[in-house]
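Please treat every number below as a calculation from the coordinates, not as lab data. Note that this is a predicted model, so its numbers are computed, not measured. Using ideal geometry, Cβ is built from the backbone for each residue, glycine included, and neighbour counts are taken over all protein chains shown.
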Amino acid sequence: MPAYDPDNIFAKILRGELPCIKVYEDAAVLAFMDIMPRADGHTLVIPKAPARTIEDAAPEVLSGLIVAVQKVARAVKSGMKADGITIQQFNESAGGQVVFHLHFHVIPRWDGVALKPHTGAMADKDALIEHAARIEAAL
Ligand code: 5GP
């Protein structure tokens, strides 16, 4: 497996070198809005510890991370008034990974509503802020 790249986008967000719209943070985890959401309220949950994929993450990092994913998923479902939640996690390019810092996607779902396609278009910032506020309020 390639080495962890400390200049990946999420590492820069963690260091405060790039902005993000945050919904949750603790000593080990950061959760923020996906800038190109597949659904309104699409949130990313990442460990603060460097890990490229699920393979090189330490077990104690993973165990804390999945509990944070559950916490964020509950808030996303409640704050976005969703009917369900899709959790995704991709590893390496072949697995669909684009940003090489371990992350979980938490995507709210509504009955009969398909995921938006990956267009590469960034979402409206005000909409992302509004969704983040709804999720944060439900935490
Ligand atoms: P994956 O690596 O699992 O395929 O997905 C990476 C995710 O990160 C994508 O859903 C993409 O929209 C999101 N993303 C890429 N660049 C940025 C960024 O600069 N900020 C935020 N908040 N999300 C990003």
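The set of residues in segment 2-52 that are within 21 Å of G96 (Cα to Cα) and touching an Asp or Glu at 6+ places or on another chain (Cβ under 6 Å) comprises H42, L44.
Quick check on segment 7-15. Is at least one of its residues in contact (Cβ under 8 Å) with a residue 12 or more places away in the chain and in a loop (DSSP other than H, G, I, E, B)? Yes - at least one qualifying residue is present in segment 7-15.
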